[in-house]
1. Condition (residue is among the hydrophobic types (A, V, I, L, M, F, W, C), touching a Cys at 6+ places or on another chain (Cβ under 6 Å) and at pLDDT 95 or above) applied to region 89-99: is it met by at least one residue?
2. Tell me which residues, restricted to region 566-607, are among the charged types (D, E, K, R) and either buried (at least 22 other Cβ atoms within 10 Å of the Cβ) or within 22 Å of the chain's Cα centre (by Cα) (or both).
3. Within region 372-391, can one find any residue that is crowded, with 16+ Cβ neighbours inside 10 Å and part of a helix (DSSP H, G or I)?
4. Being closer than 29 Å to TRP274 by Cα and either at pLDDT below 95 or part of a loop (DSSP other than H, G, I, E, B) (or both) is true for just one of GLY353, GLY330. Which residue is that?
5. When residues of region 343-371 are filtered for being among the hydroxyl-bearing types (Ser, Thr, Tyr) and surrounded by fewer than 23 Cβ atoms within 10 Å (Cβ to Cβ), how many remain?
6. So in region 651-671, with the set limited to residues that are part of a helix (DSSP H, G or I) and either hydroxyl-bearing (Ser, Thr, Tyr) or at pLDDT 90 or above (or both), which one is surrounded by the fewest Cβ atoms within 10 Å (Cβ to Cβ)?
Amino acid sequence: MEPHVPRTARIALNRPIRRLFDYLVPDHITLQQGQRVTVPFGRQSATGLVVETDAPPPEGITLKPVRSACEEWPALPTETFKLLSWASDYYQHPLGECLFTALPPALRRGRPAAEKQEAYWQAFGDPASLPGNAKRQKELMAWLQQQCGSASSKQIVRAGFTQSQIRSLHLKGLICEAPQPSPAGVPEEVRSRIPKLSQAQLDAAVQLPAPENGFAASLLFGITGSGKTELYLYYLKHYLGDRDQALVLVPEINLTPQTVARFQHYFGSRIAVWHSALNDGERLSTWLKIRNGEPVILIGTRSAVLLPFTGLRTIVVDEEHDSSYKQGEGFRYSGRDTAVYRAHLNNCPVILGSATPSMESYHNALTGKYSLVKLEERAGNANPPHIKLLDIRSRPLEGGLSRPALQAIEKRLQEGQQALVFVNRRGFAPAMMCFDCGHMVECPRCDTRLTYHRRDRAMRCHHCDFQAAATDHCPKCNSDAFKPVGQGTERTEDILTTQFPDTPVVRVDRDSTQRKGSIQSILKKVNSGRPCILVGTQMLAKGHDFPNVTLVVVVNADGGLFSVDFRAPEQLIQTLLQVSGRAGRGEKAGEVLIQTCHSDHPLLGTLAQGNYLPIASQLLAERESSLLPPYRTMAIFRVEASTMEMSLNLLDDIKLKAVHSNIETWGPLPAIIARRADRHRAQLVLVSKSRTRLNRQLASLCEGLDLMKLPRDIRWAIDVDPLET
Ligand code: ADP
Ligand code: ZN
Ligand code: ZN
């Protein structure tokens, strides 16, 4: 008889540690990679994911056995597992946390991978058989008979009955379980809006990669309003088989509910959504559909790319340049880049669409890694807007708006059209200043100024949660020459309301859209088409289709022109062109006025011509000569501690260890906002020509850091392909 060799498994736990845990596998359990298990951990039990089976048992250590397998199938199928392992390695984030990101919260907590099916009931027997005192039960029967078909337990309880009444009727055989009603159809109003593709759209469509040819990445450069969304719909309709799954990544869903409606119109109940506002039950339900291979077309934000698809046929990344694809905390992955890798693993195409492609993607298109498909005319009868720079150096301003800008707004309103005013800061004013002593109110916990919010008479820090009551007098010298400086959305809203008392002014920023459903009611107002003025931040630049907006005013374009962040010019141009793209999407011509103190700045000059690609080429040339991404790979070590000295010291240590001859280091330096919520932040930038070399170096640096005994209040993180420097 052969000696009994104990079976072991290597398990990942949802913990921020760069290691796995070994367990014995009892004889009655068979495990495979990606499967969920319950294991003893310390004095408790934890949910884990199997990484390796039959790993050699470590010597001299007695292992504890796995308690149970949560289900017989792997929660993370092979491709998804591979994707997350790749991401863990590429972004230098602990495997356990990466793997668990792909599970819905309920499954992370060890709940069963099944939906609680809600029971539906229908009346079945004769209520006359009930005893006379069962009055409520009789009423429930009568109520059920009035419902068309059936009602769920929840609906019954909401109508004023109790679970125990349902139970006793069920026991008596007077009601029985009914099949689940099928999901509601698509609203008719959406159905009636299907345009035929234009010739330009059809020409673009044939250039997009076909799924049967396997992996291919394509950059769809389509100017704002060129009908990219329509093109995605056409593409999916054309190529998706009845059993196929597809993924459409979008930066934010809640801001553009019309997009989801357009997809639903074409694909009905095949459409599922994935975003941060879903509750745990909805997440589990959608996750299960995807894992079970149902032919879902998923419209989702960043983390949707990590879901366990089993029949993924194609991926679309809309507005691929959008910075919200990059996670800024914890597992700092890029949803867009992960989507490209996922397409590669799944051997399917990926389409990256944008009117203002990122430097990375455009560079990939120029070097032939991606194909470049162009869509350079607007759909329908719309023409690109006319962009004009308005130099405001010596012009008097009213609430930040120049005379010509106000006159242009007035003209549009008189013609029955709508105007959009873009301000890049929420609140009333970005600072309060004393005109006697020069004092400016700063956050006591951060190196930033407090923003004045007049609506609720508060001074708020936009970088931590600090807030104080606003005062009329300078807190330092008590002078009453204490005034707001600069423009915020509230202030612009006020001035516009005074100037145009008969016109609705609608403010769209994080403050005005906090309540659930508020963005929907705002959009409804705008889509009614009646004259109004929209005032808002970035939120207004994203993907909206307002056919009656014909004028866009940018209050101040200069913020990004002289920033130390090398990505600032790219982001400025993208925002300006995206917000400009909201003008003139319907029949009427659009106009854009950009207020600036630097109308002679070459970047703005090129922007005024409205063509993005020449600007992108110019920016790429600058990146190349400064040895910056995408010509170099970059990673940043970010450290925060209770003193700047501690942060800088740790980074100095790291720098000493980053010995590889082909890696350059810049810094360490304090971060742009050096102190945030009383933590002192610093960073060390690593740059290399070779991604592989940098990756290896990072891995060894992390290993070193893991072995170091660091003071408790020091935190470090690696940011690979950082968006903020
Ligand atoms: P993008 O996503 O490129 O900004 P959209 O797909 O939102 O553009 O299209 C812009 C507008 O043009 C929408 O109102 C859309 O319904 C309309 N549109 C798109 N394609 C066509 C077409 N072929 N004919 C008429 N209108 C179209
Ligand atoms: Zn003062
Ligand atoms: Zn603060």
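1. Step one: filter region 89-99 for residues among the hydrophobic types (A, V, I, L, M, F, W, C), giving 95, 98-99.
Retained after the next criterion (residues that are touching a Cys at 6+ places or on another chain (Cβ under 6 Å)): none.
Scanning region 89-99 turns up no residue that is among the hydrophobic types (A, V, I, L, M, F, W, C), touching a Cys at 6+ places or on another chain (Cβ under 6 Å) and at pLDDT 95 or above.
2. The initial filter retains those residues of region 566-607 that are among the charged types (D, E, K, R), namely 567, 570, 582, 585, 587-588, 591, 600.
Hits for region 566-607 are ARG567, GLU570, ARG582, ARG585.
3. No, region 372-391 has no match at all.
4. Details: GLY353 fails: either at pLDDT below 95 or part of a loop (DSSP other than H, G, I, E, B) (or both).
The unique qualifying residue is GLY330.
5. Quick first cut of region 343-371, residues among the hydroxyl-bearing types (Ser, Thr, Tyr) only: 354, 356, 358, 361-362, 367, 370-371.
Still in the list and also surrounded by fewer than 23 Cβ atoms within 10 Å (Cβ to Cβ): 367, 371.
The number of residues fulfilling the criteria is 2.
6. Let us first name the residues in region 651-671 that are part of a helix (DSSP H, G or I), namely 651-657.
Keeping just the survivors that are either hydroxyl-bearing (Ser, Thr, Tyr) or at pLDDT 90 or above (or both) gives 651-655.
On the way: LEU651: 21, ASP652: 13, ASP653: 16, ILE654: 23, LYS655: 17.
Ranking the qualifying residues of region 651-671, first place goes to ASP652.
To keep it simple, each residue is scored yes or no on (1) within 16 Å of ligand 3 (Cβ to nearest atom); (2) touching a helix residue (DSSP H, G or I) at 6+ places or on another chain (Cβ under 8 Å); (3) on the phi < 0 side of the Ramachandran plot.
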| site | (1), (2), (3) |
| --- | --- |
| PRO430 | yes, no, yes |
| CYS446 | yes, no, yes |
| HIS453 | yes, yes, yes |
| GLY486 | no, no, no |
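The values are calculated or read from the model by the stated rules, or taken from the named source; none is laboratory data. Model, not experiment: these values are computed from the prediction. So basically every Cβ, Gly included, is an ideal-geometry build from the backbone, and we count neighbours across all protein chains shown.
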